[in-house]
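The values are calculated or read from the model by the stated rules, or taken from the named source; none is laboratory data. Predicted, not measured: the structure shown is a model, and the values here were computed from it. Heads up, the Cβs are rebuilt from the backbone with ideal geometry, glycines too, and the neighbour counts pull from every protein chain shown.
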Amino acid sequence: MTLPLRIGTRASPLAMAQTRLVADALRAAHGWGPERIEIVPITTSGDTIKDRPLADIGGKALWTKELDRALAEGITDISVHSMKDVETLRPAELRIAAMLPRADVRDRLIGAKSLAVLREGATVGTASPRRAAQLRRIRPDLAITLFRGNVATRLARLDKGEADATLLAAAGLDRLGHPEIGVPLDDLLPAPSQGAVGIETLAAAKRTVALIEAIDHRDTHVCVAAERCLLEGLGADCHSPVAALAVIADGQVHLRAEILNADGSLSEAGEARFDAGDGDAPRALARQLLDRAAPSLRALFGA
């Protein structure tokens, strides 16, 4: 690897903001000047196709495949990802070497002060099966409409009256400088890896791996890894409504998780405590959830 270090990222405003956080952390860790890092914006398929659910057009790989190709072809040295947009199973030649400290994991409701005050039959815009299922469980009367695009696009659609409300990740709003937008929803378990930013490189690039590991936030990495192991155990994909959150408590990982069907009428929830790095425990929790689930709910996970 030669400097400047080339950072591949999606070209959206949020992705660029997250990449600048990574660049700042690397400069601080290694005493680098601005010239030692180059940010390489890359337009992904997920950024260009906005009129269909992600699950119907290729899943989370639409956010990563162009970044992976840039790494493989030597165009970039590392990639920056929103971890909730990264497929559970990654190519063996790639390594997620570090994560930044996790931001606020909650969703925020925009357009109303609470879910309870939304009018009967109100329309809520979201592209997330998890959010849609959780909303329908709380308010079966709500109509869900597809909202895709970056934060600005979804807020603009809300302003145009295409929906009465929408949900956005607090972490993204905060990183874009909008902590005042929306009302945090404390009772909704978030998406696995929500609020986490990961840095990935070629596994064989040992020097690059070492540079990146210098900015790794261990607790975040441990917790997100546990959530991703749960997803692996569930066999979850973009169609599967899954919520999960791991935190470090009393020196152990405390993982809470929930699986739902599309309208939220069926769900199974559970939790587990285990040592950091124990990938078997989240997978065991996944099996417990599936074993207890109704057949139609299990079927959503191919079980």
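Side notes on the structure shown:
- Among the residues of the range 248-285, those that are part of a loop (DSSP other than H, G, I, E, B) and surrounded by fewer than 20 Cβ atoms within 10 Å (Cβ to Cβ) comprise Asp250, Gly251, Ala262, Asp263, Gly264, Ser265, Leu266, Asp275, Ala276, Gly277, Asp278, Gly279.
- Test: residue in the range 154-177 that is under 17 Å from Gln194 (Cβ atoms) and assigned to a loop (DSSP other than H, G, I, E, B): yes
- Among residues of the range 268-284 that are in the same structural domain as Gln252 (by TED's automatic domain parsing), those with a beta-carbon under 7 Å from a residue that is aromatic (Phe, Trp, Tyr) at least six positions away or on a different chain give the pairs Ala281/Phe274.
- Filter result for Ala210 (under 20 Å from Val80 (Cβ atoms), surrounded by fewer than 18 Cβ atoms within 10 Å (Cβ to Cβ), out of contact with any strand residue (DSSP E or B) (no Cβ under 7 Å at 6 or more places or on another chain) and free of Cβ contacts under 8 Å to residues at least 12 places away in the same chain): yes
- Search result, residues across the range 231-247 that are over 22 Å from Ala127 (Cα atoms) and surrounded by 24 or more Cβ atoms within 10 Å (Cβ to Cβ): Ala246
- Residues in the range 178-213 that are among the small types (Gly, Ala, Ser) and closer than 19 Å to Ala103 by Cα: Gly182, Ala191, Ser193, Gly195, Ala196, Gly198.
Listed here are the residues, each with its yes/no results for (1) within 19 Å of the chain's Cα centre (by Cα); (2) of a type in the set (Asp, Glu); (3) at positive phi.
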residue: Asp219; (1), (2), (3): yes, yes, no
residue: Val222; (1), (2), (3): yes, no, no
residue: Leu230; (1), (2), (3): yes, no, no
residue: Leu234; (1), (2), (3): yes, no, no
residue: Cys238; (1), (2), (3): yes, no, no
residue: Ala244; (1), (2), (3): yes, no, no
residue: Val247; (1), (2), (3): yes, no, no
residue: Gln252; (1), (2), (3): no, no, no
residue: Ser267; (1), (2), (3): no, no, no
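- Spans of strands (runs of 3 or more DSSP E) in the range 72-141 with at least 2 residues closer than 21 Å to Ile37 by Cβ and not polar (S, T, N, Q): 78-82, 94-99
- The range 154-174, residues that are among the acidic types (Asp, Glu) and under 10 Å from Gly125 (Cβ atoms): Glu162, Asp164
- Residue count for the range 136-171, restricted to those that are within 17 Å of Gln18 (Cα to Cα) and either touching a strand residue (DSSP E or B) at 6+ places or on another chain (Cβ under 8 Å) or assigned by TED's automatic domain parsing to the domain that holds Leu21 (or both): 4.
- Test: Asp291 is modelled with pLDDT of 95 or more, under 22 Å from the mean Cα position of the chain (by Cα), over 21 Å from Val105 (Cα atoms) and not hydrophobic (A, V, I, L, M, F, W, C): no
- Subset of the range 291-303 [surrounded by fewer than 19 Cβ atoms within 10 Å (Cβ to Cβ), touching a Gly at 6+ places or on another chain (Cβ under 9 Å) and under 19 Å from Ala133 (Cα atoms)]: Arg292, Gly302
- Residues that are at pLDDT below 95 and closer than 19 Å to Thr220 by Cα within the range 83-114 comprise Lys84, Asp85, Val86, Glu87, Thr88, Leu89, Arg90, listed in sequence order.
- Picking from residues in the range 174-207 that are among the hydrophobic types (A, V, I, L, M, F, W, C) and under 14 Å from the mean Cα position of the chain (by Cα), the one that is surrounded by the fewest Cβ atoms within 10 Å (Cβ to Cβ) is Leu189.
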